[in-house]
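For reference, the structure discussed in these notes is given below.
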Amino acid sequence: MDGNNKLIKGVKDITLVAIMAGILFAQEQLLVFLPNFQLTAFLIILFSKKFGFFKTTLIIFIYVLLDNLYMGSFNVVFTPFVFLGWMLFPIFYCTILKKNDSPLILALTSIIFSFTYCWIYIIPNLIAFNIDPFAYLLSDIVFEIIFVVCNFILVLLLYKPCSKLLDNIYKENI
């Protein structure tokens, strides 16, 4: 699979982007009853490595739009920060770690970006509600740790098998 392709080249790529965005959205809705346990960060890392920056950006855009519309949380203050938070993953994994496929390295770096994703929410909460950033961090730290640990474990355990699965599916459908 060529993650270096920058542009959508046809119906196959459009379908790929739509299906992957649908998977992101569906898994989050299926796991919504578990606080901060989701496959979103893992899948965005996987998509970044397998499909490249442009396709992953489209997947994230569609996912964020669907999620915010469905959950009724579409807000001009919060939605850009949700998009920015998720975009940090492909920006990093399609540049600095572009050639690295080590599950351990990908999992360790997911810690940084998982915390960063959580901390980005301080900004819109400060804008919208004038919250105390320290109080926000203190009240959210348990959920952030759950999110970070889950992402670390998911990337560490699932990256290689899911990467191989995507490669096999992609090869069979060329």
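At an R0 of 41 angstrom, the distance between the Cβ atoms of Ile127 and Lys12 translates into a FRET efficiency of 0.50.
Could you grab the relative contact order for the chain? Cα pairs under 8 Å, six or more apart, rounded to a whole percent.
28 percent
Within a Cβ distance under 15 Å of Leu154, other residues only, what is the Lys/Arg minus Asp/Glu net charge? Charge balance near Leu154 sits at +1. For segment 52-63, 3J(HN,Hα) computed residue by residue from phi via the Karplus equation (6.51, -1.76, 1.60; θ = phi - 60°) reads x, 5, 4, 5, 5, 4, 4, 4, 5, 4, 5, 4 Hz, glycine and proline entered as x.
Leu84 to Leu104: FRET efficiency via 1/(1 + (r/R0)^6), r the Cβ-Cβ distance, R0 25 Å, to the nearest 0.05?
Once rounded, the FRET efficiency stands at 0.40.
Here the chain is assigned +1 on the Cβ of each Lys and Arg and -1 on the Cβ of each Asp and Glu. Its dipole about the Cα centre then comes out at about 700 debye. Note on Lys171 and Ile111: the extension gain reaches 18.5 nm, defined as 0.36 nm multiplied by sequence separation minus the Cα-Cα distance.
Across Ser110, Ser102, the residue with the most accessible area heads the list, and the full order at a 1.4 Å probe is Ser102, Ser110. Solvent-accessible area of the chain (1.4 angstrom probe, protein heavy atoms only): carbon and sulfur portion equals 75 percent. The alpha carbon convex hull volume per residue for the chain rounds to 116 Å³.
Here the simple spin-label model places points 7 Å from the Cα toward Cβ, and for Leu157 and Gln27 these points are separated by 1.3 nm.
The values are calculated or read from the model by the stated rules, or taken from the named source; none is laboratory data. This structure is a prediction, so every number in the text was calculated from the model and none was measured. Cβ coordinates were reconstructed from backbone atoms using ideal geometry, including for glycine residues, and neighbour counts include every protein chain displayed. Only protein heavy atoms, including side chains, enter the accessible area calculation; ligands, DNA and RNA are left aside. Shrake-Rupley method; radii C 1.70, N 1.55, O 1.52, S 1.80 Å.
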